[in-house]
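No value in this document is a laboratory result; all are computed from the given coordinates. This is a predicted model, so every value here is computed, not measured. So basically every Cβ, Gly included, is an ideal-geometry build from the backbone, and we count neighbours across all protein chains shown.
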Amino acid sequence: SSIEDPTISTFSRGELPHFAGINTFLKAPYVEDVADVGNYDATVVGVPFDGGCTYRAGTRFGPQGIRRISALYTPYNYEKGIDLREQMTLCDSGDVFTIPANLEKSFDQISNAVAYIAATGSFPIILGGDHSIGFPTVRGIASVTTKNIGIIHVDRHADIQEKDMDERMHTTPYFHATNLPNVKPKNLVQIGIGGWQVPRPAVPNMIERETNIFTMDDIEEYGIEKVAEMALDLAWDGCDAVYMSYDIDSIEAAFVPGTGWPEPGGLLPREALKLVGEVAKEGLCGMEVVEVSPPYDHADITSLMALRIVVDALGAMVSHGTMGKHKSIIDKEFVPF
């Protein structure tokens, strides 16, 4: 044979070549039997759902898009000096079976999937999907603990209406999430809110519930590090864990065209990654990245940004020794919705 490198197999296996192989997230092992997810520090689960979109659909293809571009990455980060493959274990559990055009049935499916993963002690990483899933994901984790959970939500939109067009659409998740008994409104911190797409019906709910809003003007005034510090103080106040929900449209629209509600004036990519790292290093009980819509993307750049948010969060937890910190809050068995 002309092949001299003995590590090159006839059939593509593992990381190389980046353009080949089966696209799990970061080419992590695919777990066919979900009963095995508890053997891993973290579990990726896709939520291919866009039934909550109120304008441009397409986020049902978000998990596929993020997984596809994840083949570009290695698990090693030179700046941080960490290797996710060596310093933690990660698996891909595939996608939740969502029901097109039925929000409530899909919400139950999503909550069941996330609750099951969380109950095993594995760290749930959710790839959306539109932001309506922000309620059932948090509900899933909250159902397997008696402890209080704070939320750090990065977005251009407040997403705290009770209903939109008489349904629990992607403009509503945090109204319903903060109705959960162990998810208090005072521990909801929303960063990046602003522009011309924050519906007025959301504003009375923000005021009445006394949630915490950091606008882009606040970020300009105080800087990312100070906003992250204040956000963490508010989210962790009286809580035992914090969940991070990252909406890709929080980033300046020029950098993330593949989303349903693009809004100019958002975070720059480096600001977004700095914020994610500052939040995640304290430890999380789960995270999601939502509103990636590959049909509107160009050259996979939006999916790539979503990928980077996830791996930077994992890297921050690994490098600060907080991966697995969430396990201490799991004190209830999984009970299906």
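Full extension of the chain between HIS298 and ASP36 gives 90.7 nm of extra length, using 0.36 nm per residue less the Cα-Cα distance. Working note: Karplus 6.51/-1.76/1.60 with θ = phi - 60° gives the stretch 89-94 the couplings 10, 9, 10, 10, 9, x Hz, where Gly and Pro are set to x. Would you kindly give the portion of the calculated P(r) for the stretch 40-151 that falls above 22 Å, as a percent of all Cα pairs? The calculated P(r) of the stretch 40-151 puts 38 percent of pairs beyond 22 Å. Three principal axis extents of the stretch 1-47 based on alpha-carbon atoms, in descending order, are 43, 21, 16 Å. Of all DSSP beta bridges confined to the chain, the antiparallel ones make up roughly 10%.
Taking 7 Å steps out from each Cα toward its Cβ at PHE19 and GLU79 produces label points 2.8 nm apart.
Of all DSSP beta bridges in the stretch 131-247, what percent run antiparallel (nearest 5)? All intermediate terms of the calculation are to be shown ahead of the outcome.
Values: 1 of 15 bridges.
Restricted to the stretch 131-247, the bridges split so that about 5 percent are antiparallel.
Taking amide H as placed 1.01 Å from N in the peptide plane, the amide H of GLY94 sits under 5 Å from that of VAL31, GLY46, each at least 5 places away or on another chain.
Computed from point charges on the beta carbon alone (+1 for Lys and Arg, -1 for Asp and Glu), the dipole magnitude for the stretch 248-337 about its Cα centre is near 380 Debye.
Under Stokes-Einstein, with the Kirkwood radius over Cα pairs as Rh, the value for the stretch 276-321 at 37 °C and 0.692 mPa s is 288 µm²/s. The HN-Hα couplings worked out from phi for the stretch 233-242 by the Karplus form 6.51 cos²θ - 1.76 cosθ + 1.60 (θ = phi - 60°) are 4, 6, 5, 8, 4, x, 10, 10, 6, 10 Hz, whole numbers, x standing for Gly and Pro. For the stretch 148-277, the gyration tensor built on C-alpha atoms gives an oblate shape. Its axis ratio a/c (a ≥ b ≥ c) is at least 1.5, and a/b is not larger than b/c. Sorted from longest to shortest, the spans of the Cα atoms of the stretch 118-207 along the three principal axes equal 41, 26, 25 Å.
In this label model, GLN87 and VAL203 are separated by 4.5 nm, measuring between points 7 Å along each Cα→Cβ vector. Among SER319, SER12, SER293, whose mean-square fluctuation peaks in a Gaussian network model of the chain (Cα, cutoff 10 Å)? Ranking SER319, SER12, SER293 by mean-square fluctuation puts SER12 first. Using the Cβ of GLY62 as centre and a radius below 11 Å, the other residues enclosed give a net charge of -3, where K and R count +1 and D and E count -1.
Close amide H pairs (under 5 Å, H built 1.01 Å from N) link ILE191 with HIS153, VAL154, ASP155, PHE214, residues at least 5 positions away or on another chain. Across all directions, the average flat footprint of the convex hull enclosing the Cα atoms of the stretch 246-312 is 4.2 nm².
Scanning residues 5 or more positions from TRP261 or on other chains, none has an amide H under 5 Å from its amide H, with H placed 1.01 Å from N in the peptide plane.
When Rg and Dmax are taken over the Cα atoms of the stretch 192-337, they come to 16.2, 45 Å. Phi-derived couplings, Karplus 6.51 cos²θ - 1.76 cosθ + 1.60 at θ = phi - 60°, listed residue by residue for the stretch 294-305: x, x, 9, 7, 10, 6, 6, 6, 6, 4, 5, 5 Hz, with x used for Gly and Pro.
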